[in-house]
1. Run a plain Debye calculation on the chain (Cα atoms as equal point scatterers, no solvent) and give log10 I(q)/I(0) at q = 0.15, 0.18, 0.25 Å⁻¹, rounded to two decimals, same order as the q list.
2. Got the relative contact order for the chain handy, in percent, Cα pairs under 8 Å and 6 or more residues apart?
3. Sort largest first and round to whole Å: the equivalent ellipsoid semi-axes of region 39-88, each the square root of five times a Cα gyration tensor eigenvalue.
4. Using the Karplus curve 6.51 cos²θ - 1.76 cosθ + 1.60 with θ = phi - 60°, work out ³J(HN,Hα) for each residue of region 17-25 in order, rounded to whole Hz, and write x for Gly and Pro.
5. With +1 on each Lys and Arg Cβ and -1 on each Asp and Glu Cβ, and nothing else charged, work out how big the dipole of the chain is about its Cα centre, in Debye to the nearest 20.
6. Helix-only mean residue ellipticity at 222 nm, the chain, DSSP H runs n ≥ 4 weighted -39,500 (n - 2.57), per residue, nearest 500. What is it?
7. Between Ser40 and Thr11, what length in nm is gained on full extension when 0.36 nm per residue of separation is reduced by their alpha carbon distance?
8. Spelling out what I want: for every residue of region 29-39, take phi, set θ = phi - 60°, compute 6.51 cos²θ - 1.76 cosθ + 1.60 (Karplus), and round to whole Hz; glycine and proline get x.
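Just so it is clear, none of the values below were taken in a lab; they were calculated from the coordinates. Predicted, not measured: the structure shown is a model, and the values here were computed from it. Cβ coordinates were reconstructed from backbone atoms using ideal geometry, including for glycine residues, and neighbour counts include every protein chain displayed.
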Amino acid sequence: MEKRISSQKITPNLWFDNQAEEAVQFYTSVFKNSKIGRVSRYTKDGYEHHQKPEGSVMTIEFVLEGQEFVALNGGPLFTFNEAISFVI
């Protein structure tokens, strides 16, 4: 089991259709003190619900200047906007 990259209690969660990996690569290239952590991938289980290819990125944990974030490829249900959700 992979170790979490932070013990932060509230984590901002950024919802993407399928651009999470590209977004995380961009964000971590802009901030000097950044790192990419655990990457979770979709499996064939639940395909009828998530409609994502097996092995594609589901979530990516990353840190920017000490702040932990999660990027989620959650599909087109919600469009990327200024809203924020927290994983507690």
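1. -0.57, -0.81, -1.36
2. 43
3. Semi-axes from the Cα gyration tensor: 22, 15, 8 Å.
4. Each residue of region 17-25 in turn: 5, 8, 10, 4, 4, 5, 5, 5, 4 Hz.
5. So the magnitude is around 340 debye.
6. -4500 deg cm²/dmol
7. Here the segment from Ser40 to Thr11 would lengthen by 8.8 nm.
8. 7, 7, 9, 4, 8, 9, 7, 9, x, 5, 10
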